Every structure is written in structure tokens, then in C-alpha cells.
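In what follows, a single structure is set out as C-alpha cells and then discussed.
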Amino acid sequence: MGIQDKDQAGKTYKWAVDTPRKRFSTPYNLIEGLQWILHNVIRPSRKFWKLTKFIPQKVVLNKISPQIKLGFVGDIMRTEGKKLTFAPEVIAFFKDVDFLIGNFEGTITRKETKIFAAQVHSKNILASLEKLFPPERFVLTFANNHAGDFGWSEFNKSYQMVKEYGFKTIGRRDEPSILLNNQVNIVNCTAWSNQPDTPYIAYLRDSNAYLNPRSKFNILYPHWGYEMQLYPNPKQIKLAKTLLKRWDMIIGHHSHCPQPITAYEVERETKLVAYSLGDFCISIRYKKYFWGIVVKVELGPADGKWKVGSVEWKFTKVYEIDKNTLEIRLKKRCKYF
């Protein structure tokens, strides 16, 4: 039983009614799951490190006439009710961007759960994020593998709460994208779901249906790849290059550790791919989860087509100031690279 509807791609589907959650559900098969455990116990994997290189932390990919500047952060994970603060250099990094985009991974809820690794946010995360950047220009995305942790009702309550607070929200099946300044289309979708009955979020397999031909620039913001792997595998690299034939830029998340920000030449144009920005904020005893990347890009026309211009990125790290306070700081280097 469900509510029948159509998404932006015109596909008919049914909103799921709430069903029992699977306590130990993950997005991975047996081998992938064992690798996930191994990398958590030891350290993030460096396999395939020769295949992808970072671009410089400040670089111009194409000579453009800048029209809009966007900032991106990675996974906004649960902070266990702790106060989240930002070092002055983090706030300054995003001071000149027009919009900021981040992956809101978790559900604001007071509902108790026994689900393995469920991501629960407290409402005070919104007040913390507001101190980083104005909500009316802050896009929070919801299509990720934890969107199904509490089912449709709690997911939608959380989604609406964030929207009512003033943030822009995308990633729901009927709202997979947002058009910024009538110029830039950003699509959020996921390759993964920890719960099998999560039809109310947008999926990567449908991403091309969400391209906006009227937009000057189309950005794919996918939840993809594998956790605790520092470099994309050959299959993901091949997928990225295929997607770039239609998409203008890809900024990814999900790995919970930084992955390379790189660029590829596609039809005589240099296109940006950030495979994963890692964790922006998190409260967990495993400090290997404390690393992330922030990035900002200028977009604008060149030779009759919008392209990526200047790119600037930095590593970030979560610091535990005291038992009740976390602080995000910029770092010149990450110990894993």
C-alpha cells in the first residue's frame, strides 16, 4: 500500500508507507561489508592511489567571465547534541560564495531506534549551521544511504522542519534538484540506501532524467562510492567520465574520508570532479572520520558555454574542544595523503 505519484522525470512510483526497519541493513554486499569493517578497524584504504591525482588547492580550470560562486561541504553527520562551532577561517572561506551546499545525513527525530548506525540529528544542528552561512542561501541535500533509517514519516517531518527553518532542501523523489539564480541546476541523488524500501528519495540511476536543458550549468551532487576508501576504484572513475559527457561538474559524498578533487578533459573542456568531500562534522570515537574537504568554484561563460573557472579547496578536521563542543578547522594537509 502506498501513495501513487510521479517524479520530475515523469516516472510513476508509490510513496512507501512506514514499514519495519531492518536493524542490520547496509548498502553493501558481503565482500563490500567485510572490506568496510577492515578499513574501519585498521585505516582508510589507499588502494588505487595511482589512478587519481588532486588538482592544486587553488587553480583556474577554464578562463571564464565569473557569474556565480558556489561553496560545498561534505557529510553533515550526527553531533550527538554537541554544540558545533566553526573556526574563523572556515567562516571566512565561504564569505564570498553566493550559495553553500552540504549533505545532511541523518534524521531530526526523538524516536528511539535499535537500527545499526542510524543517523539521528538533534534540532540544534540547524542553529549551528546558521552560524556558518545564511539558511536562505544554504542548500541541504537529503538523498543518502541513511534517508531510510526511520521510514517515510520521520524522514518527511525532518525534511519539512529543515525547510521551515529557512534552508533550501533537495533530494526527495519529487524535489531532486534546485535551480539557483535561474542559472545553475544542482541534482542530489544516491546510489545507496541502507533500507530496501526507500522510494521517496532520488537515485543515481535516474540522474540523467533530472538534467535541466534550460539551465546554463548542471551539477551532479551524488551520494556514491565506498566508505573508508581514499581513492575511487576503476569502475567509479569510468562512471564519472561517462556522466561528465552530460553533466558539467560532479561533487560527491559518502566515503566519510576525503577523496581526490580532480579534473578531466571532456570534449576540449576541463571539467571538475570531487569524488568525495568526506565528513564536514561528526561526533564519533573513531578519529579517522574527522577529516573532510571544503571547496568553492566560480562558474560562468567562456566561448559561448558555461564552464568551471577558479577552484579553491582546503582540508578540514573536527576537533573536540570539550565534551560538549566540536569545532571545524581548516587544515593545509590531511595525514592520509
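The values are calculated or read from the model by the stated rules, or taken from the named source; none is laboratory data. Nothing here was measured: the structure is a model prediction, and the numbers come from that model. Note that we place each Cβ from the backbone using ideal geometry, even for glycine, and neighbour counts take in every protein chain shown.
Taking the listed residues F72, F48, the one that is part of a strand (DSSP E or B) and within 27 Å of P232 (Cβ to Cβ) is F72, with no other qualifying.
The requirement of being surrounded by 17 or more Cβ atoms within 10 Å (Cβ to Cβ) and farther than 27 Å from N185 by Cβ is not satisfied by Y275. When segment 21-51 is filtered for residues that are among the hydroxyl-bearing types (S, T, Y) and touching a helix residue (DSSP H, G or I) at 6+ places or on another chain (Cβ under 7 Å), the ones remaining, listed by number, are T26, Y28, S45. Checked against the criteria, G278 does not count as touching a helix residue (DSSP H, G or I) at 6+ places or on another chain (Cβ under 6 Å) and either on the phi > 0 side of the Ramachandran plot or not in a strand (DSSP E or B) (or both). Among residues of segment 183-212 being farther than 19 Å from H254 by Cα and not in a loop (DSSP other than H, G, I, E, B), the one that is farthest from the chain's Cα centre (by Cα) is A209. Applying the criterion of being modelled with pLDDT under 95 and touching an Asp or Glu at 6+ places or on another chain (Cβ under 8 Å) to the residues of segment 189-199, the residue that is surrounded by the fewest Cβ atoms within 10 Å (Cβ to Cβ) is Q195. Scan segment 281-296 for residues that are in contact with an Asp or Glu (Cβ under 8 Å, 6 or more places away or on another chain), farther than 17 Å from K335 by Cβ and either outside any strand (DSSP E or B) or β-branched (V, I, T) (or both) and the total you get is 2. Restricting the search to segment 153-182, which residues are assigned to a helix (DSSP H, G or I), under 19 Å from S193 (Cα atoms) and of a type in the set (S, T, N, Q)? Listed by number, the residues that qualify are S153, N156, S158.
How many residues are more than 22 Å from P258 (Cβ to Cβ) and at pLDDT 95 or above when one looks only at segment 303-315? Let's see the steps before the verdict.
Kept after step one, since they are more than 22 Å from P258 (Cβ to Cβ), are these residues of segment 303-315: 303-307, 309.
After this cut, where a residue has to be at pLDDT 95 or above as well, the list is 305-307, 309.
Number satisfying all stated conditions: 4.
For segment 48-68, indicate whether the set of residues that are within 30 Å of P199 (Cβ to Cβ), without any contact (Cβ under 8 Å) to a residue 40 or more places away in the chain and out of contact with any strand residue (DSSP E or B) (no Cβ under 8 Å at 6 or more places or on another chain) is non-empty. No, there is no match, as no residue in segment 48-68 is within 30 Å of P199 (Cβ to Cβ), without any contact (Cβ under 8 Å) to a residue 40 or more places away in the chain and out of contact with any strand residue (DSSP E or B) (no Cβ under 8 Å at 6 or more places or on another chain).
Identify, please: which residue in segment 120-139 is modelled with pLDDT of 95 or more and either in contact with a Pro (Cβ under 6 Å, 6 or more places away or on another chain) or assigned to a loop (DSSP other than H, G, I, E, B) (or both) and is, among those, surrounded by the most Cβ atoms within 10 Å (Cβ to Cβ)? Taking the candidates together, the pick is F133. Give the residues of segment 243-274 that are of a type in the set (F, W, Y) and in a strand (DSSP E or B), sorted by residue number. Result: Y264, single match.
Please go through segment 246-270 and give me each residue that is closer than 16 Å to V311 by Cβ and of a type in the set (D, E), ordered by number. Matches in segment 246-270: D248, E265, E269.
I'm checking my understanding of the structure. Among residues of segment 213-237 that are free of Cβ contacts under 8 Å to residues at least 40 places away in the same chain and in a helix (DSSP H, G or I), which one is surrounded by the most Cβ atoms within 10 Å (Cβ to Cβ)? Once the filter is applied, the top-ranked residue is Q236.
Restricting segment 95-119 to residues that are modelled with pLDDT of 95 or more and more than 17 Å from the chain's Cα centre (by Cα), which is nearest to E327 (Cα to Cα)? Filtering first and then ranking leaves K95. For segment 236-275, a residue qualifies if it is of a type in the set (V, I, T) and under 19 Å from L211 (Cα atoms), and the qualifying residues are T242, I250, I251, V266, V273.
For W247, state whether it is over 16 Å from T52 (Cβ atoms), touching a Phe, Trp or Tyr at 6+ places or on another chain (Cβ under 8 Å), aromatic (F, W, Y) and at pLDDT 95 or above. Criteria not met by W247.
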